[in-house]
Amino acid sequence: MKILAVETSCDDTSVAVIEAHSYKKQPQIKVLANIVSSQTDLHAQYGGVVPELAARAHIENIVPALKATLNQAKCSLEDIDAIATTYGPGLIGSVLVGLNTAKALALSLKKPLIGVNHLEGHIYANFVGKISKISRQKVGIPARASEKSQISNLPEFPLLALIVSGGHTLLVYMKDHLNYKVVGQTIDDAAGEAFDKVGKLLELPYPAGPLIETLALKSQKNTFSFPKTDLTPPPKRDEKGFLIRPEPSLNFSFSGIKTAVLREVIKIPKMTIPIKQDIADSFQSAVVEVLIRNSLRAIQKYKPKTFLLSGGVACNSLLRKRFVKETKRIKINLFYPPKNLCTDNATMIGACAYFKYLKKDFASFNLKADSNLEL
Ligand code: KG4
Ligand code: ZN
């Protein structure tokens, strides 16, 4: 079957066509086309996404993106079996463009409409292009040693997923498909937001995440000591005087580190490239270590079979490298999508929609855009 998916929740207009099927309950999802029309240049001059401009740009971009996607997928609208769309969270004007486009397509083609939460979409990017062991045997492909964990297997449940994007930082436990329990989240800034705000302090254009990563590569390493905020409450004594250690917190806070960077920046009389490189490196390592620390705590508590990374910050090479090392050490399977499926894209929305399609979890045409939609 083929699903056409639309994603416009922030500043990328994306349309994709995926082809999916299941064999012995093992899903296989193939990308036929994934077009992302980026608005980065439009917003860069303002240092962040301007919601009104984003919505207008989506209106201009959505039909050309739709045409280009069908062209690339070499199919017509008549070949599509279902229409999927993000309906939140995100910028309301942006979400509405994709949602209404999807409604119009579903209505005119008389195909089911599937509403997807942008966050579940990020998680499902990890199910794209993976071939199950059973399917491999069926088509006679022998497993290669290099494919042991990353390519040939699908993520197994129960799993834990870390979503790290510009708007969210969440640890999610999933017992099964489409079953989410948020076990940790940021109480202030998201990880990607911290990268972008520190980028502003270093006079880098938006989005600053990839540029901070590049700067950090050339640093002297760990010159600055930035806080790795731990929200675990301090130990207490009970009435008999015994020390009670509270359970380690799985929540995140990144606003302190941003302020710490600001304090260092205003102390520096003349900012130079090498200083920027050192700040970028120390900041990036502190954020990555906090993400690792809380993820390891969650793994210890929930004992999942697999751990998934997702969201724009999952493009970060240091983050990937550290997670590869730690998950190898504790012998847990790690998955992360290719970079183009970490940042916002419609393929991940289509992938999640496939599992909703299997459950006949279809949306009505009253589906409302919800800018604060939760998992
Ligand atoms: O998932 P995404 O495309 O959009 C949201 O749903 O927010 O994530 C965008 C975020 C931005 O904050 C961007 O700076 C960050 O992901 N990002 C990175 C890297 N690439 C993108 N952060 C750190 N390192 C990267 N290489
Ligand atoms: Zn996103």
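Considering only alpha-carbon pairs that sit under 8 angstrom and 6 or more positions apart, the relative contact order computed for the chain is 24 percent.
In terms of the mean number of neighbouring beta-carbon atoms within 10 Å, the peptides 214-222, 325-333 order highest first as 214-222, 325-333.
Using 0.36 nm times the number of residues separating Q45 and K331, minus their current alpha carbon distance, what extension gain do you get?
Stretched fully, the Q45-K331 segment lengthens by 98.5 nm.
From most to least packed by mean Cβ count within 10 Å, the peptides 250-259, 188-197 give 188-197, 250-259. If R0 is 41 Å, the Cβ-Cβ spacing of E374 and K270 corresponds to a FRET efficiency of close to 0.35.
Compared with the direct C-alpha span, the chain from M1 to E203 gains 68.0 nm at full extension, assuming 0.36 nm per residue.
Once the Cα atoms are used to define both axes, helix 92-109 deviates from the longest principal axis of the chain by about 20 degrees.
A Förster distance of 30 Å, applied to the separation of the beta-carbon atoms of K359 and I59, puts the FRET efficiency at 0.40. Put a plus charge on the Cβ of each Lys and Arg, a minus charge on the Cβ of each Asp and Glu, and nothing anywhere else: the dipole of the chain about its Cα centre is then about 1680 debye.
Each DSSP beta bridge with both residues in the chain is either parallel or antiparallel, and the antiparallel ones are about 65%. With bins 10 Å wide beginning at 0, the percent of Cα pairs of the chain falling in each bin runs 5, 23, 30, 25, 12, 4, 1, 0.
Extension gain, L77 to L178: 0.36 nm times the residue separation minus the Cα-Cα distance gives 33.6 nm. Peptide packing: for 92-102, 266-276, the average count of neighbouring Cβ atoms within 10 Å per residue gives the ranking 92-102, 266-276, highest mean first. Considering only H122, H43, H58, the Gaussian network model of the chain with Cα springs below 10 Å gives its largest mean-square fluctuation to H43.
No value in this document is a laboratory result; all are computed from the given coordinates. The structure presented is a predicted model; accordingly, all values stated were derived computationally and were not measured. Note that each Cβ is placed from the backbone with ideal geometry, even for glycine, and that neighbours are counted across all protein chains shown.
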